[in-house]
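Every number in this text was worked out from the coordinates using simple rules, so none of it is lab data. All figures in this text were calculated on a predicted structure; none of them were measured in a lab. We place every Cβ from the backbone using ideal geometry, glycine too, and count neighbours over all the protein chains shown.
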Amino acid sequence: MMKKLALTLALSTLCSAAVFAGGKPARPGETPSFGQLLESFSGVPLSPRGEASLEFLPEPELSPAAAEVLRGDGRYWATVRAADKYQRTALLEAGLDIVEIKKDRVLGFARKAELDRMAEKGFIIENRMTIYEYARKHLKDFPAADGAYHNYKETTELLQSLAERNQDVASLFSAGKTLEGREIWCLRLNSAEKGVKPSSRPGVFYVGNHHAREHLTNEVALGLAVYLLDHKAEPEIKKYLETLDIYIMPMLNADGAEYDIQTGRYRWHRKNTRVNPDKSIGVDLNRNYDSRWCRAGASHTPSADTYCGPSAFSEPETLVIKKFVEARKNLKTLMSYHSYSSLLLYPWAGLATPVENEKDRLVFEKMAKGMTAFTGYKPEQSSDLYVATGDTTDWAYATAGIFAFTTELEGNSFYPGAAIIRKAVDNNVKAAVYMLSVTDDPYKLLR
Ligand SMILES: [Zn+2]
């Protein structure tokens, strides 16, 4: 998997041996069962440096091409003091891409000009290193160890094969194209309706990979699809396939996901691949929705990782979601997968106050509790972290009344290795099935 990457011969041989040691793997070209899919993620080491069996491997070095890309990146990994969510919001607006939140500080990416601006505003920058230095320090993240992840081509092939082999309940369609013209695939699970044809059944929508570097989100969405089809004959899943309208779109930002792995080394890319007027790359798709667009926790500076774009829905990818949701009035629930932090977040993200409608707020809270019982993640209102406008969930709830959530998957890095996939998929599939169980009428949780 992720065949675009330059796998070393020794490592790919080892990985194959580990994968195929576990029993009956799916043969090339064969659709894996859920068990086989999970099996393909087990035995894969967290990193070439992290497993005894792989310690003899030479330390992976940055290739000249990858080193050049990272040297030219211009971003820093910085630690900045921030006492509360208001300071964190101000930092987002100054262009800091907050990745980790600690008690009194945050860690994330920003350019020099943005760091200077933060310092001028009185923020204390405790530590900074170039992304090149950061990448060298994180050599364990060499993508060769992550061959179990699906790149765009592999994602496409798996989705096509799932639809092909489960024509009784599944169909695959493109919801539109990315900026670079890649199809944004959507797998639909519904025993009666196929393709883009509307349905009056209660609908649920799972979407992954808004952010390029969050490759684990694609795996969770794919794992969910494989699980549901693998268990389609079991009474509970059969009932959902016969009564609900289920959509799974694993890789929204396919351009960004491919761009992130293009050099054979990760480049910590978050946004899509829009070339901005200042030649910087990308718009933050999860700041580009039309819900209090760019009013807080987002940046108008194109080079910033939290750049909201020139206008709401300026990007083809968010526009695809807009049209998709607007064309499906039957959608009741939505899950947008992100990584990482082990959180389950619900609106508002863009307001510091809770959802005004008491009943809705209670449903959000109850659903969050229901799902985190399986994942162990922390449920909370999104803006408890920081106020950030223009995200998927606020827009979906505000404009269509959809109970929309953001999952921040587990792990302690955007590149947590392949060994984490199995557990993340397994637990999040259970949470996703819980979401199915309430999609017919989320308000039943209040009765
Ligand atoms: Zn994200």
Taking a point 7 angstrom from the Cα of residue 27 along the C-beta vector, which residues in region 156-184 have backbone N less than 20 Å away?
157-166
Local electrostatic count at residue 170 - Lys and Arg +1, Asp and Glu -1, tallied over other residues with Cβ under 9 Å
+2
P(r) weight above 20 Å for region 86-242, C-alpha pairs, percent
64 percent
Note to self: C-alpha centroids of region 336-352 and region 355-372 sit apart, in Å, by 13 Å
Euclidean distance between Cα centres, region 174-244 to region 375-440, Å
15 Å
Straight-line reach from residue 378: which lysines have a Cα under 20 Å away, not including same-chain ones fewer than 8 places off?
85, 102, 103, 366, 369, 423, 430
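Rounded to the nearest 0.05, what FRET efficiency is calculated for residue 326 and residue 61 with R0 set to 51 Å and r the Cβ-Cβ distance? Kindly include the intermediate steps, with their values, before the conclusion.
Values: r = 49 Å, r/R0 = 0.96.
Computed FRET efficiency for residue 326 and residue 61: 0.55.
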Inter-label distance for residue 437 and residue 361, nm, one decimal - labels placed 7 Å from Cα along Cα-to-Cβ
2.7 nm
What is the set of long-range amide H partners of residue 332 at a cut-off below 5 Å, with H atoms built 1.01 Å from backbone N?
203, 204
Using a 10 Å cut-off around each Cβ, can you sort 124, 421 from fewest to most neighbouring Cβ atoms?
124, 421
Hey, for a label at residue 196 modelled as a point 7 Å past Cα toward Cβ, could you say which residues of region 306-321 have their backbone N under 18 Å away?
316-321
Around residue 231 (Cβ within 15 Å, Cβ-to-Cβ, excluding residue 231; K/R +1, D/E -1) the net charge comes to -1
What spacing in nm lies between the two simple spin-label points modelled at residue 154 and residue 444, each 7 Å away from Cα in the Cβ direction?
3.8 nm
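Taking K and R as +1 and D and E as -1, what net charge do the other residues with C-beta under 12 Å from the C-beta of residue 216 add up to?
Numbers: positive: 213, 422, 423; negative: 146, 214, 219, 408, 410.
Net of charged neighbours comes to -2.
Below 8 Å, C-alpha to C-alpha, sequence gap of six or more: please give me the relative contact order for the chain in percent.
18 percent
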Too long for a 27 Å Cα-Cα cut-off, among 177/279; 238/323; 177/444; 239/271, are 238/323; 177/444; 239/271
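Suppose every K and R has +1 on its Cβ and every D and E has -1 on its Cβ; what is the size of the dipole of region 64-137 about the Cα centre, in Debye to the nearest 20?
Working: 15 positive and 12 negative charges, 34 e Å.
Here region 64-137 has a charge dipole of around 160 debye.
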Determine, from the Cβ-Cβ distance of residue 384 and residue 167 and an R0 of 30 Å, the FRET efficiency 1/(1 + (r/R0)^6), rounded to the nearest 0.05.
0.10
Between region 26-42 and region 58-129, the Cα center-to-center distance that results, in Å
38 Å
Can you give the extra length, in nm with one decimal, that the chain gains between residue 129 and residue 373 once fully stretched, where that is 0.36 nm per residue apart less the Cα-Cα distance?
84.0 nm
Sequence of 129, 367 once ranked by neighbouring C-beta atoms within 10 Å, starting from the fewest:
129, 367
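Kindly provide the trypsin sites (Lys or Arg not before Pro) of region 242-290 that DSSP labels as loop, not H, G, I, E or B, and whose Cβ sees at most 13 other Cβ atoms within 10 Å.
Numbers: sites: 265, 267, 270, 271, 274, 279, 287; in loops: 265, 267, 270, 271, 274, 279.
When the trypsin sites (Lys or Arg not before Pro) of region 242-290 are filtered for loop state and at most 13 Cβ neighbours within 10 Å, 279 remain.
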For a quick check of your reading of the filter: which GluC sites (Glu not before Pro) in region 58-104 sit in a DSSP loop and have no more than 15 other Cβ atoms within 10 Å?
61
List the aspartates and glutamates whose Cα sits under 12 Å from the Cα of residue 197, skipping any in the same chain fewer than 8 residues away.
245
Take the alpha-carbon positions of region 64-137, form their convex hull, and give its projected area averaged over all directions (one quarter of the hull surface) in nm².
4.7 nm²
Placing +1 on the Cβ of each Lys and Arg and -1 on the Cβ of each Asp and Glu in the chain, which of 304, 294, 196 has its Cα farthest towards the positive end of the resulting dipole?
294
So what is the calculated 222 nm ellipticity per residue for the chain, using -39500 (n - 2.57) for each DSSP H run with n of 4 or more, over all residues, to the nearest 500 deg cm²/dmol?
-10500 deg cm²/dmol
Among 214, 164, 258, 154, what is the fewest-to-most ranking by other Cβ atoms within 10 Å?
164, 154, 258, 214
Cα-based Debye curve of the chain sampled at q = 0.07 Å⁻¹ gives log₁₀ I(q)/I(0) of -0.32
